[in-house]
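The values are calculated or read from the model by the stated rules, or taken from the named source; none is laboratory data. Just so it is clear, the model here is predicted, and its values are computed rather than measured. Cβ sites come from the backbone with ideal geometry, for glycine too, and all protein chains shown count toward neighbours. Just the protein is used for accessible areas: all its heavy atoms, side chains included, with ligands, DNA and RNA removed. Shrake-Rupley method; radii C 1.70, N 1.55, O 1.52, S 1.80 Å.
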Amino acid sequence: MAIDLAPPPPPPLAGELEVAGAAVGGKKEEGEGEEGGVCGGEAVVVAAADAEVEGHPYDFHVSGPRNLPPPNWREIIRSSWKDPNYKRMVMACFIQAVYLLELDRQDEKGEEDGLAPKWWKPFKYKVTQTLVDERDGSIYGAVLEWDRSSALSDLILIRPSGAPRAVLALRGTLLQKPTIKRDLQDDLRFLVWESLKGSVRYIGALEALKTAVERFGSANVSVAGHSLGAGFALQVCKELAKQGVFVECHLFNPPSVSLAMGVRSMSEKASYLWKKVKASLPLTEEALPDSTKEEGSAKKKLRADKKWVPHLYVNNSDYICCHYNAPNCSTTTTTTTTDGASDEQRQQRKASEIAGDVVAKLFVTSKGPQKFLEAHGLEQWWSDGMELQLAVYDSKLIYRQLKSLYTATAPSPPAK
């Protein structure tokens, strides 16, 4: 059955965010928003509307998260990293840092005067490796590691429970002249092939992830990506999962639209109509089509063998990623979550009850930006008051994405 589009969103609510524009543009006067943009499933860096706060629109203290718990020795006893909302917020901030690393590079700024370091230092991490696209010299990702010396300055003697040793963060598209050509190439690659394996960025991200896993172990490494970066993150993590190496993965606004998916949907519709014609004919299991038996077998194996559960963050007003919320005619459980501890516990209990059927954790905004540019932006994922619906199930598109872990994969397009 084809994947249906999400129902039309309600009328836009009065939001607290202000979109910086259609593409993260060049430098402007201090205090002004910068242009930002989306193309081929890509996102923009969104600036907070806070006229009273002075500084660059992308400064951490201007557009970053509010009400952060101060880093101190109490983190050893009660780690903020055990709160899934805190972890989501930090992962989004690390991705924002990668966007800004590239903008700093274009503006010829370093660690002393750049914007990017302000987005990882509050969490006691440091960048140990930047992933550079050899075709245009742009930064598309970074590896961040726990900064023990910085933590000791705040009397944090050991790494808090739940905090990863290393995080691989991958950005999406920046519609800037130095990066737009290669970024859009990968956007089109996904649009046509629904795969990014032919990209040199995929190769670089996979090598960086393997190196981090070898150094720290898979349980101490996390991966985070936004939009096109989420597409890369999903595919490199899947590659390791096929080898039995499971890494925590956070995917923000992952792309879900491709020509390949459209062709497959039309094929499914034709198959559905044909089945309706044959519905009156009794069929034994032996008489079932091979494709039907293979799909059922794959789903059983997926539920029986799975250990890797990615985290997806979706806004239904974002037509680039909303297809992930299309259910797969299977048991679906939804739990409302907010930033409170009681909701977190209820969320974890509910997830434990149906752990036997979990294929992925899909977080859908129940109260957030309704306009497309804001809905596809990154800032919503660290904003205060974020309310999510935790849907723990195997949606049709999620099943398709993860099926390759247990079945033979089609050859990918050649690298260029």
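Are any of the pairs 126/210; 210/238; 87/118; 124/307; 82/121 more than 22 Å apart by Cα-Cα distance, and if so, which? Intermediate results must be reported in sequence, preceding the final value.
Numbers: 126/210 19 Å; 210/238 12 Å; 87/118 17 Å; 124/307 29 Å; 82/121 19 Å.
Checking Cα-Cα distances, 124/307 exceed 22 Å.
Taking the simple approach of a point 7 Å from Cα along Cα-to-Cβ for both residue 79 and residue 153, what is their distance in nm?
For the pair residue 79/residue 153, the computed spacing is 2.3 nm.
Compute, for residue 365, the solvent-accessible surface of its heavy atoms (probe 1.4 Å) with the complete set of protein chains present, and express it in square angstrom to the nearest 10.
20
Would you mind getting the accessible area per residue of the range 45-141, heavy atoms of the protein chains only, 1.4 Å probe, in Å²? Present the calculation step by step, with values, prior to reporting the outcome.
Working: 4320 Å² over 97 residues.
Per residue, the range 45-141 has an accessible area of 45 Å².
Report the residues of the range 75-108 in range of a label on residue 61: point 7 Å along Cα→C-beta, backbone N strictly under 19 Å from it.
The answer is 97, whose backbone nitrogens lie closer than 19 Å to the label point.
Residue 113 versus residue 134, label points 7 Å from Cα toward the beta carbon: distance in nm?
Result: 3.2 nm between the two label points.
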